[in-house]
Amino acid sequence: MAEPETPPTAPARLVDPRYFAIVLVPVLIYVVERLLGDHFMPTDLPITAEVLVQNQPWLEAAGRYRFLAATWLYGALAILAALLMARTLLQPATKQTRVAGFGTFFFVLFLAALPTLLGGDGSEGTHIYGIIGSAVFEGALAMGDLPGCASPTDRWLMGTCGDNPVLSLFNGVLDLINIFAGLAVGGMIVNMILSLDDRPCATVEEKAKLYAENLRHMRQQLYLSGTILTFGMLFVASWIYWPLPLIAEAEREAYGTLLRSSALFAGTYFSLLLLSFYLPVALILDGWVRSLAKQATGSDGGDQPPNIEAWRKSHGLTESAGDYMRAGFAATAPILAAFLGGISPLSL
């Protein structure tokens with residue numbers, strides 16, 4: 001009796017380690033954002049706590065609910081991004097692809113978590129909330145309290161209560177968010193780069209199927225990245241708008257203008273961050289598809305004959321560089337809508 005044949009093993013995912021250098025583009029965006037913040041942004045706007053209403057302290061809870069909800073959701077999505085990346089890398093893949101992928105992920109995670117590791121909680125020097133006025137932010141949060149914080153020396157889930165326990169909550173959550181951001185951005189970047197799978201194929205038809213699968217994977221990662229960064233923007237807006245319900249009616253419109261401008265800067269950063277690792281991958285894939293189409297149809301690349309487009313269409317490879325650009329900007333649309341005023345009505 002003949003033994004059953006063993007099915008052939010699928011070739012392992014192969015991504016040239018050089019492509020993981022794409023991570024340097026979002027790192028550059030991050031460095032530019034930090035430079036702009038350190039050298040061009042106000043460290044603490046001179047807005048006094050007198051603009052706060054004093055007879056409705058319960059309005060602080062409105063901002064806290066939004067902040068905690070946004071934190072919870074963003075943290076869950078960040079973990080999801082990291083798990084999806086790990087699942088992809090733990091599928092059949094070459095050793096060099098796996099090492100480069102995990103190495104890139106932990107590099108981004110370390111860079112994002114560095115402020116937390118260095119104790120950058122804002123207790124010394126400038127505060128992150130100085131861009132909307134430290135006195136206003138601290139005064140608004142001081143109206144709230146935390147269960148178990150009867151005195152400044154009491155300890156709760158995230159450390160010492162301090163004189164302003166809700167502010168201590170904010171600083172503690174920011175430390176966690178740095179780590180969540182590393183998980184999210186690291187997972188998104190690596191998973192996007194894994195779309196550049198170029199494993200050996202026996203025929204042009206097999207290579208076309210591989211590129212079609214790469215494009216499908218890239219689109220999935222684009223939509224996931226757009227979703228995660230949109231909710232990252234929601235998190236930023238949740239703490240920026242936290243004091244707004246407590247601002248006196250006479251000052252609310254003027255102060256709201258400041259908050260919308262602050263959200264504009266954050267939204268621009270998130271939009272550029274998404275495009276910084278999506279567009280390089282998309283343009284590289286577009287070049288591969290063009291070269292394969294010319295090879296399959298015998299085109300010399302002069303004038304594009306009709307059979308090239310027909311071949312691309314028959315293999316699900318019709319998207320062009322312009323389509324990739326439109327898809328990238330469409331993915332940033334929710335982020336753009338957020339900082340152009342889409343979130344602010346929820347905060348008024």
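Figures for the structure shown
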| read-out | value |
| --- | --- |
| Qualifying residue in region 94-106 (condition: in contact with a Ser or Thr (Cβ under 6 Å, 6 or more places away or on another chain), in contact (Cβ under 8 Å) with a residue 12 or more places away in the chain, part of a helix (DSSP H, G or I) and not small (Gly, Ala, Ser)) | no |
| Qualifying residue in region 254-267 (condition: within 26 Å of Met218 (Cα to Cα), in a helix (DSSP H, G or I) and either hydroxyl-bearing (Ser, Thr, Tyr) or modelled with pLDDT of 70 or more (or both)) | yes |
| Residue selected from region 82-93 under the condition out of contact with any Ser or Thr (no Cβ under 8 Å at 6 or more places or on another chain), among the hydrophobic types (A, V, I, L, M, F, W, C) and assigned to a helix (DSSP H, G or I), by the criterion surrounded by the fewest Cβ atoms within 10 Å (Cβ to Cβ) | Leu90 |
| Residue satisfying all of: in region 197-236; under 19 Å from Gly287 (Cα atoms) and part of a loop (DSSP other than H, G, I, E, B); nearest to the chain's Cα centre (by Cα) among these | Asp197 |
| Any hit, region 34-41, residues being under 21 Å from the mean Cα position of the chain (by Cα) and hydrophobic (A, V, I, L, M, F, W, C) | yes |
| Index of the failed condition, Asn171 passing every other in (1) out of contact with any Asp or Glu (no Cβ under 7 Å at 6 or more places or on another chain); (2) under 27 Å from Tyr30 (Cα atoms); (3) at pLDDT 90 or above | (1) |
| Check on Leu118, more than 21 Å from the chain's Cα centre (by Cα), exposed (fewer than 15 other Cβ atoms within 10 Å of the Cβ) and more than 28 Å from Phe265 (Cβ to Cβ) | no |
| Of all residues making up region 31-75, the number that are of a type in the set (Phe, Trp, Tyr) and either touching a Lys or Arg at 6+ places or on another chain (Cβ under 7 Å) or surrounded by fewer than 18 Cβ atoms within 10 Å (Cβ to Cβ) (or both) | 4 |
| In region 116-148, the residues that are in contact with a helix residue (DSSP H, G or I) (Cβ under 7 Å, 6 or more places away or on another chain) and modelled with pLDDT under 85 | Thr116, Asp121, Gly122, His127 |
| Flag if Ala21 is at pLDDT 95 or above and in contact with a Phe, Trp or Tyr (Cβ under 9 Å, 6 or more places away or on another chain) | no |
| Residue selected from region 19-45 under the condition assigned to a loop (DSSP other than H, G, I, E, B) and aliphatic (A, V, I, L, M), by the criterion farthest from Met192 (Cα to Cα) | Leu45 |
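The values are calculated or read from the model by the stated rules, or taken from the named source; none is laboratory data. Here the structure is a predicted model, which is why all the values come from computation and not from measurement. All Cβ positions, glycine included, derive from the backbone under ideal geometry; neighbour counts span all protein chains shown.
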